[in-house]
Amino acid sequence: MDLVTIIIPVFNYGFYLPETIDSLQQQTYSHWEALIIDDGSNDDTQAVVKRLSQHDRRIKYHCQPRRGVSAARNRGIDHAEGAYILFLDGDDLITPNKLAEHVSLLKCYDEVDMCYSDVYYFRNDNKSKLFFGRAGNRKWTIKLNGKGFEIISQFVAKNRFTTHCPLIRTQFLKSNKLRFDESICYKEDWDFWLRCVFSGANIHYLASSEVYALVRVHSKSVSQKSINMDIATIRIRESIEQYIHSNTQLSPTQKTYLLKINNLKKRAPLKKMIYYNLNSLANLRKIYQTEPSKEFFICFIKALNEKRKDFF
């Protein structure tokens, strides 16, 4: 039975950890290790993990000074002993048969590097009601199988996974030297999946109504910080340009298409940030300092026009 390594970065999530670990202990696939990477917590995280690990030796604790979630996940990759890796945030959950179904698929298809499932969301105060997304009940995961241009184009358009949707072959990550960018504080998982698909990852959708990832929505969720998320999106789209230019497997025509899509998508979060901060000179100055002047003024004019239409 192949070992699965679950990498769990935490920062002051001691309150949520027991439930997250319980979702692992409920797995029908029992051969796993949980690497809890404590990223400088100042709550009771260490005590919680110590108590949990006393009753389950599969739970292992690593502590580091505050360096961010990407550094914590990279440390987990370094210490992973499993044939497969799952990234799981310290407040999220997975269904009881997720590990078993993913491992079974990967063992059947040697050419697949990553297999992923659907994802549902739940609010912290109502675990019985599941929904597909934060903004509404619209499913946003889609069926993707294969590798190359078609898969890359999907991830250039938008992120297609939450952090704990896929199970990944450890060998694929290590042979391609794939790690999280520690300079990115938000949407770092999207950048990581982009690195994977640009490195030729063969991905496969696991279609099962009983297998899915669960994302907890609460006041501490990183995704609540809208302006920083938009800035991160722009930064990642700048990285995408580099990924496209440096890729040797894409044809010139394919690269031109991807660059066009990326440039169009890049302006949307910038215009959104400006639109919602037109009444704040301080915020506009902050946004201006992070963007090329030409792009800022193009989006500034577009935002003004939209505001004028709303007003009249």
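The values are calculated or read from the model by the stated rules, or taken from the named source; none is laboratory data. Values in this document were obtained by computation on a predicted structure and should not be read as measured data. Ideal geometry is used to build each Cβ from the backbone, glycine not excepted, and the neighbour counts take in all protein chains shown. Remember, those area values only see protein heavy atoms, side chains included, never the ligands or the DNA or RNA. Shrake-Rupley method; radii C 1.70, N 1.55, O 1.52, S 1.80 Å.
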query: Looking at region 134-188, which GluC sites (Glu not before Pro) are DSSP coil and have at most 11 other C-beta atoms within 10 Å of their C-beta?
result: none
field: aspartates and glutamates with Cα under 14 Å of K302, excluding same-chain neighbours fewer than 8 positions away
entry: D310
query: Just going by the charge dipole of region 64-105, with Lys and Arg at +1 and Asp and Glu at -1 on Cβ, which of G82, P96, V69 is farthest out on the positive end?
result: V69
query: Of all trypsin sites (Lys or Arg not before Pro) in region 152-184, which ones are in loop regions per DSSP and have a Cβ with at most 13 other Cβ atoms within 10 Å?
result: K158, K177
- request: Run the quick spin-label model on K129 and T256: label points 7 Å from Cα toward the beta carbon, then report their separation in nm to one decimal.
  value: 5.1
task: Please find, in a Gaussian network model of the chain (springs between Cα atoms separated by less than 10 Å), the residue of K255, K265, K294 whose mean-square fluctuation is greatest.
output: K294
task: Evaluate E = 1/(1 + (r/R0)^6) for N247 and H79, where r is the Cβ-Cβ distance and R0 equals 25 Å; express this FRET efficiency to the nearest 0.05.
output: 0.25
message: Counting only protein heavy atoms and a 1.4 Å probe, tell me what percentage of region 154-223's accessible area is made up of carbon and sulfur.
response: 46
query: Hey, can you rank 31-38, 53-60 by average C-beta count inside 10 Å, highest first?
result: 31-38, 53-60
- request: Express the relative contact order of the chain as a whole percentage, based on alpha carbon pairs under 8 Å and six or more residues apart in sequence.
  value: 18
statement: With every protein chain kept in place and a 1.4 Å probe, region 141-270 has an accessible area per residue in Å² of 45
task: Check the straight Cα-Cα distances from K127 and name the aspartates and glutamates below 15 Å, setting aside those fewer than 8 residues away within the same chain.
output: E19, D22, D91, D92
message: List the residues, sorted by chain then number, that are 5 or more residues from A213 or on another chain and whose placed amide H is less than 5 Å from its amide H.
response: D118, V119, Y120
- prompt: Counting only residues 5 or more places away or on other chains, whose amide H sits under 5 Å from the amide H of E33 once H atoms are built in the peptide plane?
  reply: V4, T5, I6
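Could you order the peptides 92-100, 71-79 from most to least packed, using the average number of other C-beta atoms within 10 Å per residue?
Going from most to least packed, we get 92-100, 71-79.
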- prompt: So for S246, S199, S153, what's the accessible-area order with a 1.4 Å probe, most first?
  reply: S246, S199, S153
- request: Count charges around H31 for me, please; just the other residues with Cβ under 10 Å from its Cβ, Lys/Arg as +1, Asp/Glu as -1.
  value: -1
- prompt: How big is the charge dipole of the chain about its Cα centre, in debye rounded to the nearest 20, if each Lys and Arg gets +1 on its Cβ and each Asp and Glu gets -1 on its Cβ?
  reply: 1340
- request: Identify all lysines with a Cα-Cα distance to K255 below 26 Å; exclude those on the same chain that are fewer than 8 residues away in sequence.
  value: K143, K147, K158, K177, K187, K265, K266, K271, K294
